[in-house]
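The structure appears below as structure tokens.
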Amino acid sequence: MDFRTAIAPAGWQERLVSFAPAGSGDGRGRCLERHDLAAAKLAAGRLKDYEFVGALPDAGLVDLTVLAERLELLPRDRVLRGYLAKARSWVKARAADV
């Protein structure tokens, strides 16, 4: 598995989460671990992604400390200029609000 357009934190392959949806028989899916997904969404820099990720801590689905750590694992050469700094600032501000 690899990404052509999405950007994920280093090591994401080792943190993939396996699941078996109802009715899938022996089939299993694999998806990004929630903090990796949130970091990838913030790296995209879109308003809709910030809104999505903003709901995750409120629902108890992500730990902002872990999310901040995952941001540091994003490949610097693939994150658009300014997006990482924006994401870091956003997570820091959210953590201060909690």
For Ser18, state whether it is touching a strand residue (DSSP E or B) at 6+ places or on another chain (Cβ under 6 Å) and either part of a loop (DSSP other than H, G, I, E, B) or at pLDDT 90 or above (or both). yes
Listed by first then second residue, the pairs whose first member lies in segment 5-31 and is closer than 29 Å to Leu74 by Cβ, whose partner is among the polar types (S, T, N, Q), with beta carbons under 8 Å and at least 6 positions apart or on separate chains, are Arg28/Ser18; Gly29/Ser18; Arg30/Ser18
Test each condition in (1) of a type in the set (Gly, Ala, Ser); (2) modelled with pLDDT of 95 or more; (3) surrounded by 11 or more Cβ atoms within 10 Å (Cβ to Cβ) for Ala93 and report the one that comes out false. (3)
Would you point out the residue of segment 36-90, among those that are of a type in the set (Lys, Arg) and farther than 23 Å from Glu14 by Cα, that is modelled with the lowest pLDDT? Arg81
Go through segment 23-80 and count every residue that is in contact with a Leu (Cβ under 8 Å, 6 or more places away or on another chain), surrounded by fewer than 12 Cβ atoms within 10 Å (Cβ to Cβ) and assigned to a loop (DSSP other than H, G, I, E, B). 1
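The values are calculated or read from the model by the stated rules, or taken from the named source; none is laboratory data. In this text the structure is predicted, and so the values were computed from the model without any measurement. Every residue, glycine among them, receives a Cβ derived from its backbone with ideal geometry; neighbour counts consider all protein chains shown.
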